[in-house]
Amino acid sequence: TDKFPLKCLSGVVYSIHCKNCGPSQAYIGKTKNTLYERFYGSNGHLHPSSAKSALLRHMDTNPLCEFEFDTIKILDKCEQDLKLRYMESIYLKFEKQSLNTQEWSIPLNIM
């Protein structure tokens, strides 16, 4: 069976880490759109005009660093945005990552 191309996947929680730094500099996110749009669209992580991008800030601060689209790891899938936001929040709480500026997508009442 053929695998659906990574860039076409939507409704996913994903993780990507810096090629140079490794998993110690990781980012967890979610998207309802395709991964390609999330990374390269007008407000995407790797679009040159995306001032809020944690990935671009990391590369600006560390000129030897880069993120490779093909290394994105899919953590979970869901078509409903609210469930995606909960899943992203759970991964942000329990997975090791350091590039995210937000601690959750939706508040979790977990002790």
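The values are calculated or read from the model by the stated rules, or taken from the named source; none is laboratory data. Remember, predicted model here, so these are calculated numbers, not experimental data. Here Cβ is always computed from backbone atoms with ideal geometry, including for glycine, and neighbour counts include all displayed protein chains. Accessible surface areas use protein heavy atoms only, side chains included; no ligands, DNA or RNA. Shrake-Rupley method; radii C 1.70, N 1.55, O 1.52, S 1.80 Å.
Some points to look at:
- Test result for Ile106, surrounded by 19 or more Cβ atoms within 10 Å (Cβ to Cβ) and β-branched (Val, Ile, Thr): no
- Evaluation of Ala51 against (1) exposed (fewer than 15 other Cβ atoms within 10 Å of the Cβ); (2) closer than 20 Å to Gln97 by Cβ; (3) among the hydrophobic types (A, V, I, L, M, F, W, C) (one fails), failing number: (2)
- In the range 73-100, the residues that are under 20 Å from Ser10 (Cβ atoms) and polar (S, T, N, Q) form Cβ pairs under 6 Å with partners that are open to solvent by less than 50 Å² (accessible area, probe 1.4 Å) and not in a helix (DSSP H, G or I), at six or more places apart or across chains, as follows: Ser89/Ser105; Ser89/Ile106; Ser89/Leu108.
- Here Thr101, Thr71, Thr61 are screened, and the one residue that is over 14 Å from the mean Cα position of the chain (by Cα) and not hydrophobic (A, V, I, L, M, F, W, C) is Thr61.
- When residues in the range 61-82 are screened for being open to solvent by 30 Å² or more (accessible area, probe 1.4 Å) and either small (Gly, Ala, Ser) or not in a helix (DSSP H, G or I) (or both), 12 of them pass.
- Index of the failed condition, Ser89 passing every other in (1) small (Gly, Ala, Ser); (2) more than 16 Å from Pro23 (Cα to Cα); (3) at pLDDT below 90: (3)
- Verdict on His58 being part of a strand (DSSP E or B), touching a residue at least 24 places away in the same chain (Cβ under 8 Å) and over 24 Å from Asn109 (Cα atoms): no
- Flag for His45 being under 12 Å from the mean Cα position of the chain (by Cα), under 17 Å from Gln102 (Cα atoms) and open to solvent by 40 Å² or more (accessible area, probe 1.4 Å): no
- Unique match (being at pLDDT 90 or above, open to solvent by 20 Å² or more (accessible area, probe 1.4 Å) and in a helix (DSSP H, G or I)) among Tyr36, Tyr27: Tyr36
- Enumeration of residues in the range 1-24 that are under 19 Å from Asp76 (Cα atoms) and open to solvent by 10 Å² or more (accessible area, probe 1.4 Å): Lys3, Phe4, Pro5, Leu6, Lys7, Cys8, Leu9, Ser10, Ser15, His17, Pro23
- Residues of the range 83-102 include at least one that is of a type in the set (Val, Ile, Thr), out of contact with any strand residue (DSSP E or B) (no Cβ under 8 Å at 6 or more places or on another chain), open to solvent by 30 Å² or more (accessible area, probe 1.4 Å) and on the phi < 0 side of the Ramachandran plot.
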